[in-house]
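Nothing in this text is a laboratory measurement; each read-out follows from the coordinates by a stated rule. Owing to the predicted nature of the structure, the values given are computational and were not obtained by experimental measurement. Reconstructed Cβ throughout: ideal geometry from the backbone, glycine too, with neighbour counts over all protein chains shown.
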2 protein chains.
Amino acid sequence: MTGRDKAYEYLKTTVLTDPGVQGEFLSEQEIADSVGVSRTPVREALLMLAAEGLVQLVPKRGAYIAPLTSKELRELVELRGVLERFAAEKALADGTVPVAEMRAALEAQARLASPERAKDFIDLDAQFHSLLIASTGNAMLIRTYTGLRDRQIRAGLVALFSTPRRQAAVLREHQAIVDALAAGDLPATLAAIDDHLGTTLNLQLTN
Amino acid sequence: MTGRDKAYEYLKTTVLTDPGVQGEFLSEQEIADSVGVSRTPVREALLMLAAEGLVQLVPKRGAYIAPLTSKELRELVELRGVLERFAAEKALADGTVPVAEMRAALEAQARLASPERAKDFIDLDAQFHSLLIASTGNAMLIRTYTGLRDRQIRAGLVALFSTPRRQAAVLREHQAIVDALAAGDLPATLAAIDDHLGTTLNLQLTN
DNA sequence: GCCCTAGACTTCGTATACAACGTGTATGGA
DNA sequence: TCCATACACGTTGTATACGAAGTCTAGGGC
């Protein structure tokens, strides 16, 4: 693993999932000291994150962790909805809905539900959604979708999933999606997806 | 303009639009010499392009300009279709279809139609499509869509648009889209979009 | 003629140095 | 007390140097 990868991972998993850094400027030297490499690989990691839209590089100032506005959050969720609904429609039409895998992911998620393990909970959440997206077999769709989700996580999704109440709600909503898919009921699936995304959006907006 | 921007632009507009570099390895030093800067900013530009999926960085080999497989091209067009159809649907529902602007872009495109100015023709083509996407007001959608289109251009779209026959066909297909939009006819719009993308895909696949 | 091997060469990955630029602050004056 | 100005500091942007690692080629063995 190169120093660049180390810096990239550190930033993406440790820094960008922390709601506290919203609106802060990170200097390259600071990050370099934390990771234990020189500025060069840190800089490269930042460039990549900037290309993905996760940070904003301000000349002579540093890497700015722009707080996601509510408008951007809405746009993000709207886009995710477009992609997920398409994936559901295609998977149902092609008969490639990965019902078994989705149920498995859902059960795994239910097992480790606890406020302390919010990050793991979110990882499995991502897996659940990704299964449907991946079932389309469209690698570019997966890539695009993942990028969107990474952004939403950066917007402070972790904090949101830290309460037992919300975790339970997520599990219920996922259950509804997978049930509708298993029944081959497209309209119900689309409604369940919209409901799930809408609920998350509203919660994230009011937090 | 920084050296990084110079390198980025050079690569994106000059190198990546050239079908001849498909499958080639570019060394950082070569590019640096061409642009007239050191390796550092070139490297940074490459990292950004890699994050966007436009080049592939192979350790100790160089930046690989991966030829787009027909599978990837199909995926790309499928995704573009999803986004464009959504944009059309939303714009029609909200009554925000920019008919006048689209007609203007179409006319401008018709005026400069000539094989020699394929790049300009493509720029206006991009503008036409972007107008519809932008009318949704979703900046993240615009960003995502633009990224997809950049990739398709890299796949050799320029060569395709160099014949008068194809240019005429594009204009016809665009006309069909804008007419359907102006009529407020959603099914016809969706069909016109699918037809346009499908035609382009088929041509690009057989080239 | 083919394959294997060794060595030179190329290329990247990283550290470091320095210059340019902008920001924030302290100081002096009104 | 407020404001303007100048200076010091911090930060980025770029060049350069060096080490590590992989690739390609030439040569020898089979």
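Rounded to the nearest 20 debye, the dipole magnitude of the protein assembly as shown is 640 debye, with +1 charges on Lys and Arg beta carbons, -1 on Asp and Glu beta carbons, and the Cα centre as origin. As a quick test, which of the pairs A:71/B:90; A:12/B:12; A:90/B:71; A:12/B:60; B:12/B:119 have an alpha carbon distance above 20 angstrom in this structure? Listed pairs above 20 Å: A:12/B:12; A:12/B:60. Here the relative contact order of segment B:93-207, from alpha carbon pairs under 8 Å that lie six or more residues apart, stands at 29 percent. Return the inverse of the average 1/r over all pairs of distinct C-alpha atoms in segment A:9-68, which is the Kirkwood hydrodynamic radius, in Å to one decimal. That comes to 11.4 Å for segment A:9-68.
Spin-label model, residue B:99 to residue A:168: label points 7 Å out along the Cα-to-beta-carbon direction sit 5.3 nm apart.
The Kirkwood hydrodynamic radius of segment B:118-179, based on inverse pair distances between different Cα atoms, is 12.4 Å.
As a size descriptor, the averaged projected area of the C-alpha convex hull of segment B:40-155 was calculated at 9.1 nm². A Gaussian network model of chain A, with springs between Cα atoms under 10 Å, assigns the largest mean-square fluctuation among A:51, A:118, A:105 to A:51. Counting charges near residue A:196 (Lys, Arg +1; Asp, Glu -1) among other residues having Cβ under 11 Å from its Cβ returns a value of -3. Ignoring aspartates and glutamates fewer than eight residues from residue B:6 along the same chain, the ones with Cα atoms less than 16 angstrom from its Cα are B:28, B:30, B:33, B:44.
Within chain A, helices built from complete DSSP H runs that reach 15 Å or longer along their own axis (Cα positions) and carry a mean Kyte-Doolittle hydropathy of -1.0 or higher are A:39-51, A:70-94, A:99-111, A:118-134, A:139-152, A:164-182, A:186-206. Using R0 = 41 Å, the C-beta based FRET efficiency linking residue B:56 and residue A:123 works out to 0.95. With R₀ set to 22 Å, the beta-carbon distance separating residue A:143 from residue B:22 gives a calculated FRET efficiency near 0.60. Per residue of chain A, the DSSP helices (runs of n ≥ 4 H) give a summed -39500 (n - 2.57) that works out to -21500 deg cm²/dmol at 222 nm.
Segment residue A:74..residue A:111, full-extension length gain: 10.3 nm, with 0.36 nm per residue of separation and the alpha-carbon distance subtracted. Each label point was placed 7 Å from the Cα along the Cα-to-Cβ direction; for residue A:29 and residue A:205 their separation is 4.3 nm. Principal axis extents of the C-alpha atoms in segment B:85-207 (largest first, rounded to whole Å): 38, 26, 23.
Over all directions, the projected convex hull of the C-alpha atoms in the protein assembly as shown averages 21.1 nm² in area. Note on chain B: with charges restricted to the Cβ of Lys and Arg (+1) and Asp and Glu (-1), its dipole about the Cα centre is near 400 debye. For segment A:1-43, the average shadow cast by the Cα convex hull is 2.8 nm², which is a quarter of the hull's surface. Projecting the Cα atoms of B:145, B:160, B:67 onto the charge dipole of segment B:49-166, computed from C-beta unit charges around the Cα centre, puts B:67 farthest toward the positive end. Selection among A:131, A:197, A:37 by position relative to the dipole of chain A gives A:37 as farthest towards the positive end (Cβ unit charges, Cα centre). Restricting the calculation to alpha carbons of segment A:78-124 gives Rg and Dmax of 13.6, 39 angstrom. Taking only alpha carbon atoms, chain B gives an Rg to Rh ratio of 1.00, where Rh is the Kirkwood radius.
The mean sequence distance of close C-alpha pairs (under 8 Å, at least 6 residues apart), as a share of the length of chain B, puts its relative contact order at 23 percent.
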